[in-house]
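K.L.:
Dropping the structure in here first, questions after.
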Amino acid sequence: MDDKYPTMQLGSGSNTGYSYNVTGIDYSNSTISLADPDVLDDDSCPWVDHNVTVSPTPTLWLNLSEYTVGYLFFFANCSINNLSVPGQPTIQPIACASFGVDGYSFVIPSEVPHQTLSRECKPVIQVPVLQNASLTIDSQWSTNGYRNALNQGFQLGWNLNRKSELCTKCEGSNGGCAYSRVGEFAGCLCTNGQVSDHECSNVELLVVAS
């Protein structure tokens, strides 16, 4: 885990959720950028060992944004040592070991036909990447190519329809909205360092429990 990044957990519980580094927040576009810390820490051969899925639903605060539409598939324990796909150069396995299992491992963009890998490998992991990430299969794909795409992480967009009236008033007073762990408005963060219970123009300090 990189201490220079704040973290955010996706998933419903401590045993099923995964923590991601928050690498950026774009308030104008209502998006938050996340990256897997294990990927950022691995300079040679990053591997993702869990699916990253965020089901679109109006009840969630965060959903995969329209910019995060590309996916990578990770295939492990494969019985083949290369993949031939019409219109693509021969795809080689990634350059490191197969992560504790026998056989070879491959990483390919989701739009590349992968029926052979689905049949010859297990398990299969799905990971979102940015739409504008380079997902071109070339001679560097199995080393630098897929790693560069993973390092860019992915984006989630927050649901503006769930913004409370208190938050709207807070932002209208040039403040920032703070939320509790369950997504409820908790206070208005003002530019002078104070915290209000509604808006910054009429600051009433909140008592924060220790």
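K.L.:
Go through the stretch 110-150 and give me each residue that's outside any helix (DSSP H, G or I), under 19 Å from residue 35 (Cβ atoms) and free of Cβ contacts under 8 Å to residues at least 40 places away in the same chain.
P.N.:
134
K.L.:
Let me ask something else about it. I'd like the residue in the stretch 109-151 that is of a type in the set (Gly, Ala, Ser) and more than 20 Å from residue 86 (Cβ to Cβ) and, out of all such residues, is farthest from the chain's Cα centre (by Cα).
P.N.:
Once the filter is applied, the top-ranked residue is 134.
K.L.:
Is one or more of the residues making up the stretch 178-187 exposed (fewer than 14 other Cβ atoms within 10 Å of the Cβ), modelled with pLDDT of 85 or more and not assigned by TED's automatic domain parsing to the domain that holds residue 28?
P.N.:
Looking through the stretch 178-187, none of the residues is exposed (fewer than 14 other Cβ atoms within 10 Å of the Cβ), modelled with pLDDT of 85 or more and not assigned by TED's automatic domain parsing to the domain that holds residue 28.
K.L.:
How about the stretch 158-172: which of its residues are outside any loop (DSSP other than H, G, I, E, B) and either closer than 14 Å to residue 198 by Cβ or out of contact with any Gly (no Cβ under 8 Å at 6 or more places or on another chain) (or both)?
P.N.:
158, 160, 161, 165, 166, 167, 168, 169, 170, 171, 172
K.L.:
Still on this structure, please answer the following. Of all residues in the stretch 80-98 being part of a loop (DSSP other than H, G, I, E, B) and touching a strand residue (DSSP E or B) at 6+ places or on another chain (Cβ under 6 Å), which is farthest from residue 146 (Cα to Cα)?
P.N.:
Filtering first and then ranking leaves 81.
K.L.:
If you don't mind, another one. Tell me yes or no: at least one residue of the stretch 118-129 is buried (at least 20 other Cβ atoms within 10 Å of the Cβ) and either in contact with a helix residue (DSSP H, G or I) (Cβ under 8 Å, 6 or more places away or on another chain) or hydroxyl-bearing (Ser, Thr, Tyr) (or both).
P.N.:
yes
K.L.:
Which condition breaks for residue 183 when tested against (1) under 21 Å from residue 8 (Cβ atoms); (2) in a helix (DSSP H, G or I)?
P.N.:
Of the numbered conditions (1) under 21 Å from residue 8 (Cβ atoms); (2) in a helix (DSSP H, G or I), the odd one out for residue 183 is (2).
K.L.:
Among what's in the stretch 48-79 and is aromatic (Phe, Trp, Tyr) and part of a loop (DSSP other than H, G, I, E, B), pick the residue that is modelled with the highest pLDDT.
P.N.:
Applying the filter and picking the extreme gives 61.
K.L.:
Can you tell me which residue among 24, 13 is surrounded by fewer than 16 Cβ atoms within 10 Å (Cβ to Cβ), modelled with pLDDT of 80 or more and in the same structural domain as residue 125 (by TED's automatic domain parsing)?
P.N.:
24
K.L.:
Could you check how many residues of the stretch 80-103 are modelled with pLDDT under 90 and surrounded by 18 or more Cβ atoms within 10 Å (Cβ to Cβ)?
P.N.:
Qualifying residue count for the region: 2.
The values are calculated or read from the model by the stated rules, or taken from the named source; none is laboratory data. Just so we're clear, the structure is a prediction, and the values are computed from it rather than from any experiment. Using ideal geometry, Cβ is built from the backbone for each residue, glycine included, and neighbour counts are taken over all protein chains shown.
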